[in-house]
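Asker: Quick one: this structure, given as structure tokens, is what I'll be asking you about.
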Ligand SMILES: [Zn+2]
């Protein structure tokens with residue numbers, strides 16, 4: 001296998017992008033990534049997108065994006081793994097370059113979610129759960145994570161106030177990210193006084209509905225210097241794991257086995273452990289998700305991540321900065337694009353180009369992107385060259 | 001939704017039919033073609049009890065489109081036999097009095113009106129045991 005580098009990154013401003021269509025968003029991000037790398041042509045294209053069908057009535061997104069990006073007839077395929085679609089698209093591109101089938105591959109992600117109303121969006125996102133044995137009974141995604149939160153809080157004696165420190169921290173980070181949907185600080189009181197969505201989760205414990213796209217360019221590490229002026233960022237580890245589709249089929253509801261296994265394999269490939277990581281982007285679709293993901297990957301012992309945000313450990317400047325991009329909570333969560341944007345944040349940090357939110361001496365970063373209630377998790381470890 | 005999609009789930013939704021692995025004894029709801037524990041492919045059909053213990057729950061206040069007329073409502077994970085859990089609504093209950101660990105009965109109820117034709121979908125919902133709220 002060849003070593004692989006990321007040489008180009010690009011994303012749109014995230015938020016409610018009324019004027020942009022699904023294809024506009026993707027092509028804007030893809031062009032930015034190609035311009036950033038300084039390349040004019042690609043060999044292959046992956047598009048992470050959870051549900052062009054339910055959000056936009058559009059399937060067959062691979063060729064649509066290749067067409068509007070002006071790169072036909074290159075192979076192009078849409079990758080779907082719910083909210084992990086972007087991370088899995090990145091991993092497909094990585095494998096294609098690593099195995100030698102292609103040299104320059106674009107991995108992007110997009111979701112255009114505001115073309116449907118709130119309850120339709122809730123329905124569309126709910127299709128990532130077991131349609132016949134979970135969603136059929138009226139459970140939603142905030143509801144499923146609320147079931148996890150209640151188990152965790154009861155087991156470890158964590159309060160809503162402890163949990164609220166996660167979105168407060170991520171909003172403080174997002175304030176420094178010009179592409180974030182919400183560039184504003186929030187307080188613990190605002191989280192606790194926001195409307196209840198699914199007890200014990202408040203509105204401000206939940207990531208928002210977002211339009212947006214993100215894209216990166218991958219190539220063999222040995223060709224990175226000749227193809228691009230940009231400082232390459234090397235992919236040290238890449239792994240993907242699955243778990244039961246239904247939350248109720250888990251032995252331990254608050255433990256994300258897919259994240260645990262994917263991170264273990266990625267660490268083994270990278271030949272490092274959690275202690276070598278300088279910053280982490282985790283899938284904080286809900287406050288509780290950041291807490292459980294960090295523990296499942298071994299960054300904290302069970303029960304210890306629940307108070308980490310409140311103690312400042314996971315803030316920019318803390319011992320282990322987590323979601324310095326603002327995370328899904330503040331940056332936004334256009335589901336198919338989220339996994340790619342996590343990679344973009346790591347690349348900006350490892351290039352030392354993250355401006356106000358730069359993690360000092362960042363050498364190694366990890367991104368964890370998951371689908372459903374962690375029925376799939378994909379983990380990548382990146383290193384500055 | 002095509003009615004066959006609803007009809008084929010009747011054994012589970014109406015009668016709680018599950019499948020017990022003939023080799024290792026692990027029980028699956030709904031039934032599967034292969035055991036995920038020992039990979040055996042022969043099962044005995046069994047019926048789950050219409051009762052269980054509440055493991056965790058939430059109150060849905062922002063429902064999906066097909067449940068908009070029901071909110072707020074409680075949904076929980078209920079352990080019906082050791083190691084086997086299901087997800088369903090908990091009804092006829094004071095939402096403030098729910099508690100993990102409480103005993104619940106399962107009852108046959110209307111779940112939702114499905115699709116553009118409004119097909120009535122029935123199945124199981126949990127209710128508190130009689131003495132709980134008294
Ligand atoms: Zn078996």
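Values quoted throughout were computed directly from the atomic coordinates according to the rules given, and no laboratory measurement underlies them. Bear in mind that the values here come from a model prediction, so they are computed numbers and not experimental data. All Cβ positions, glycine included, derive from the backbone under ideal geometry; neighbour counts span all protein chains shown.
Asker: Pairing the Cα long axis of helix A:85-98 with the longest principal axis of chain A, what angle in degrees results, from 0 to 90 and rounded to the nearest 10?
Answerer: For A:85-98 against chain A, the angle is about 40 degrees.
Asker: Now, a different point. Per residue of B:63-71, count partner chain C-beta atoms within 10 Å of its C-beta, then hand back the mean as an integer. It would help to have the intermediate numbers written out before the result.
Answerer: Values: counts 9, 16, 10, 7, 8, 2, 0, 1, 2.
That average works out to 6.
Asker: Moving on to the next point. Between the range B:34-71 and the range A:326-385, how far is it from one alpha carbon centroid to the other, in angstrom?
Answerer: Using only Cα atoms, the two centres lie 34 Å from each other.
Asker: With angles folded into 0 to 90 degrees, how steeply does helix A:160-174 sit against the dominant principal axis of chain A? Use alpha carbons for both and round to 10.
Answerer: On a 0 to 90 degree scale, this one is about 30.
Asker: Related question: Specify the inter-centroid distance of the range A:275-324 and the range A:99-140, based on alpha-carbon positions, in whole Å.
Answerer: Their Cα centres are 25 Å away from one another.
Asker: Another question about this same structure. Which shape class applies to the protein assembly as shown: rounded if a/c is under 1.5, otherwise prolate when a/b exceeds b/c and oblate if not, where a ≥ b ≥ c are the square roots of the Cα gyration tensor eigenvalues? Present the calculation step by step, with values, prior to reporting the outcome.
Answerer: Working: a/c = 1.75, a/b = 1.56, b/c = 1.12.
Judged from the Cα gyration tensor, the protein assembly as shown comes out prolate (a/c at least 1.5, a/b above b/c).
Asker: Show me A:69-75, B:87-93 ranked by packing, highest mean number of other Cβ atoms within 10 Å first. Mind showing how you got there, number by number?
Answerer: Details: A:69-75: 15.0, B:87-93: 20.4.
The packing order, highest mean first, is B:87-93, A:69-75.
Asker: Something else now. Counting only other chains, what is the mean number of Cβ atoms within 10 angstrom of the Cβ of each residue in peptide B:77-86? Can you show the working numbers first?
Answerer: Values: counts 13, 1, 1, 0, 0, 0, 2, 2, 7, 6.
Mean partner shielding for this stretch: 3.
Asker: Going highest first, how would you order A:78-85, B:102-109, A:289-296, A:250-257 by mean Cβ packing within 10 Å? Show your work: numbers first, answer last.
Answerer: On the way: A:78-85: 26.6, B:102-109: 16.6, A:289-296: 28.1, A:250-257: 18.9.
Averaged packing, sorted descending, gives the order A:289-296, A:78-85, A:250-257, B:102-109.
Asker: Okay, moving on. When Cβ neighbours within 10 Å are restricted to other protein chains, what is their mean count per residue of peptide A:198-211? List each step's numbers first, then the result.
Answerer: Details: counts 8, 9, 2, 2, 0, 2, 0, 0, 1, 0, 0, 0, 0, 0.
Per-residue shielding by partner chains comes out at 2.
Asker: Of all DSSP beta bridges in chain A, what percent run antiparallel (nearest 5)?
Answerer: Numbers: 38 of 52 bridges.
Close to 75 percent.
Asker: Another question about this same structure. Can you pull the one-decimal nm distance between simple spin-label points at residue B:119 and residue B:15, each 7 Å off the Cα toward Cβ?
Answerer: 1.9
Asker: Cα gyration tensor of the range B:49-133, axes a ≥ b ≥ c as square roots of the eigenvalues: rounded (a/c below 1.5), prolate (a/b > b/c) or oblate?
Answerer: Working: a/c = 1.98, a/b = 1.54, b/c = 1.29.
Cα axes put the range B:49-133 in the prolate bin.
Asker: Let me ask something additional. Sorting A:44, A:258 on the 10 Å Cβ count, fewest up front, what's the list?
Answerer: Numbers: A:44 22, A:258 26.
So the ranking, lowest neighbour count to highest, is A:44, A:258.
Asker: Another question, then. Please report the antiparallel percentage of the DSSP beta bridges confined to the range B:49-133, to the nearest 5.
Answerer: Once the DSSP bridges in the range B:49-133 are tallied, antiparallel ones form about 95 percent.
Asker: In deg cm²/dmol and to the nearest 500, what is the mean residue ellipticity at 222 nm of chain A if only DSSP H runs of at least 4 residues count, each as -39500 (n - 2.57), divided by the residue total? Walk me through the numbers on the way to the answer.
Answerer: Working: 13 runs with 142 residues, N = 385.
Mean residue ellipticity at 222 nm (helix-derived): -11000 deg cm²/dmol.
Asker: Still on this structure, please answer the following. Set the Förster distance to 45 Å, then compute FRET efficiency between residue A:131 and residue A:40 from the Cβ-Cβ distance, nearest 0.05. The partial results should precede the final answer.
Answerer: On the way: r = 43 Å, r/R0 = 0.96.
Once rounded, the FRET efficiency stands at 0.55.
Asker: Pick out which of A:104, A:39, A:364 has the largest mean-square fluctuation in a Gaussian network model of chain A, springs linking Cα atoms closer than 10 Å.
Answerer: The residue that fluctuates most here is A:39.
Asker: Next question, about the same structure. Please work out the C-alpha center-to-center distance from the range A:163-178 to the range B:91-119 and express it in whole Å.
Answerer: Using only Cα atoms, the two centres lie 36 Å from each other.
Asker: Same structure again: Taking the mean number of other Cβ atoms within 10 Å as a proxy for protection, how do you rank B:77-83, B:47-53, A:342-348, A:306-312 from highest to lowest?
Answerer: Peptide ranking by packing, descending: A:342-348, A:306-312, B:77-83, B:47-53.
Asker: Is the range A:49-172 rounded, prolate or oblate when judged by the Cα gyration tensor, a ≥ b ≥ c being the square roots of its eigenvalues, rounded requiring a/c under 1.5 and prolate requiring a/b larger than b/c?
Answerer: Details: a/c = 2.42, a/b = 1.72, b/c = 1.41.
It is prolate, given that a/c is not under 1.5 and a/b is the larger ratio.
Asker: Continuing with this model, one more query. Only Cα pairs within less than 10 Å get springs; with that Gaussian network setup on chain A, which residue of A:120, A:190, A:275 has the largest fluctuation?
Answerer: The residue with the greatest mean-square fluctuation here is A:275.
Asker: Separate question: For the residues A:385, B:21, what sequence is obtained by ranking on other C-beta atoms within 10 Å, fewest first?
Answerer: Result, fewest neighbours first: A:385, B:21.
Asker: How would you rank A:238, A:119, going from fewest to most other Cβ atoms within 10 Å of each one's own Cβ? Each step should come with its number before you reach the end.
Answerer: On the way: A:238 22, A:119 16.
Placing the least packed residue first, the sequence is A:119, A:238.
Asker: Nearest 10 degrees, 0 to 90: what angle lies between the long axis of helix A:22-37 and the longest principal axis of chain A (Cα atoms)?
Answerer: On a 0 to 90 degree scale, this one is about 60.
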